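One structure is given here, and the rest of the page talks about it.
The values are calculated or read from the model by the stated rules, or taken from the named source; none is laboratory data. Note that the structure is a prediction, hence the values are computed from the model and not measured. With ideal geometry, Cβ positions are generated from the backbone for all residues, glycine too; neighbour counts draw on all protein chains shown.
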Amino acid sequence: MARCTRGWRPYWARVWGLRLLMHVGVDAGSGAAVASALGDEAWRVREMALKVVARHELVVDEAALVELLGDPVLRVRAQAARALGLRAP
């Protein structure tokens, strides 16, 4: 493990992996990983996955996006609304 990541919580690697996809784009394999990340236990991962969905206009299960409108974390709900093309709360 790199020295700068020692002590990081495990979900940070998933967050930064998704953040990378914001900038380099998404292919079929990584698109499936983004869709899977929508159900991650860490809210920061769900939030970043939604940002990737919105930015690259990925086709994902709309029911999963609608379900995230009820997420306990406001930032996740706002990104779910954005990914669905709705106004954020």
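For the reader, a short list of remarks on this structure follows.
Residues are listed down the side, and each one gets a yes or a no for (1) under 9 Å from the mean Cα position of the chain (by Cα); (2) at pLDDT 90 or above; (3) surrounded by fewer than 17 Cβ atoms within 10 Å (Cβ to Cβ); (4) over 22 Å from Leu84 (Cβ atoms):
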{"position": "Thr5", "(1), (2), (3), (4)": "no, no, yes, yes"}
{"position": "Pro10", "(1), (2), (3), (4)": "no, no, yes, yes"}
{"position": "Val15", "(1), (2), (3), (4)": "yes, yes, no, no"}
{"position": "Leu18", "(1), (2), (3), (4)": "yes, yes, no, no"}
{"position": "Val26", "(1), (2), (3), (4)": "no, no, no, no"}
{"position": "Ala37", "(1), (2), (3), (4)": "yes, yes, no, no"}
{"position": "Met48", "(1), (2), (3), (4)": "yes, yes, no, no"}
{"position": "Val52", "(1), (2), (3), (4)": "yes, yes, no, no"}
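- Residue check for Val76: outside any loop (DSSP other than H, G, I, E, B), more than 24 Å from Ala13 (Cα to Cα), in contact (Cβ under 8 Å) with a residue 12 or more places away in the chain and not basic (Lys, Arg): no
- Contact annotation: no residue pair with Cβ atoms under 6 Å, 6 or more positions apart or on different chains, pairs a residue in the stretch 46-58 that is under 13 Å from Ala32 (Cα atoms) with a partner that is aromatic (Phe, Trp, Tyr).
- Counting the residues of the stretch 33-62 that are of a type outside the set (Gly, Ala, Ser), on the phi < 0 side of the Ramachandran plot and in a loop (DSSP other than H, G, I, E, B) gives 7.
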